[in-house]
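K.L.:
The following block contains the structure, expressed as structure tokens.
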């Protein structure tokens with residue numbers, strides 16, 4: 001249980017299969033707000049059935065987890081780490097999504113801290129990467145926690161010219 005700056009209580013826990021429907025609604029809201037890049041690994045492109053199955057699979061994973069934060073029993077933030085087959089061993093990709101109404105009141109800070117602490121207690125995770133854009137509202141938060149940019153700005157002809165990768169070595 002964490003307290004937000006507006007005195008509301010944020011409860012963070014690991015997502016499970018019973019959260020599939022609520023997560024689908026949450027991801028749709030995040031997508032409509034358009035403030036974040038939602039990774040397909042986090043469930044944005046999955047049906048309720050596929051998301052339910054995916055969340056069951058995550059239960060037994062160490063290097064892939066999805067956490068959710070609720071205020072008044074409504075999901076307001078998600079934070080996930082995902083290890084893909086072609087990634088460096090021990091490297092995970094971070095995905096944090098926050099409803100616009102909950103930005104700037106420590107919601108994102110509490111979720112990022114939770115995900116980092118989880119990653120640190122596992123012996124399998126060596127580093128966390130996050131893909132963001134130059135205008136990502138959370139860049140200063142990532143830097144506060146020690147994330148460092150891995151790449152310089154790509155050329156302007158590159159279709160991903162505004163994307164940046166930040167890494168935290170654990």
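K.L.:
Kindly evaluate residue 96 against the criterion of being modelled with pLDDT under 95, farther than 24 Å from residue 127 by Cβ and surrounded by 15 or more Cβ atoms within 10 Å (Cβ to Cβ).
P.N.:
no
K.L.:
Modelled with pLDDT under 95 and either crowded, with 17+ Cβ neighbours inside 10 Å or out of contact with any strand residue (DSSP E or B) (no Cβ under 7 Å at 6 or more places or on another chain) (or both): is that true of residue 64 in this structure?
P.N.:
yes
K.L.:
A further question on this structure: Which condition number in (1) buried (at least 17 other Cβ atoms within 10 Å of the Cβ); (2) at pLDDT 95 or above is the one that residue 36 fails?
P.N.:
(2)
K.L.:
Same structure again: Inspect segment 137-151 for any residue being outside any helix (DSSP H, G or I) and either under 20 Å from residue 34 (Cβ atoms) or in contact (Cβ under 8 Å) with a residue 40 or more places away in the chain (or both) and give the result as yes or no.
P.N.:
yes
K.L.:
Mind telling me which of the residues 89, 135, 126, 56 ends up being over 18 Å from residue 5 (Cβ atoms), touching a helix residue (DSSP H, G or I) at 6+ places or on another chain (Cβ under 6 Å) and surrounded by fewer than 17 Cβ atoms within 10 Å (Cβ to Cβ)?
P.N.:
56
The values are calculated or read from the model by the stated rules, or taken from the named source; none is laboratory data. Since this is a predicted model, take the numbers as computed values, not measurements. Counting neighbours? That spans all protein chains shown, and the Cβs are built from the backbone with ideal geometry, glycine included.
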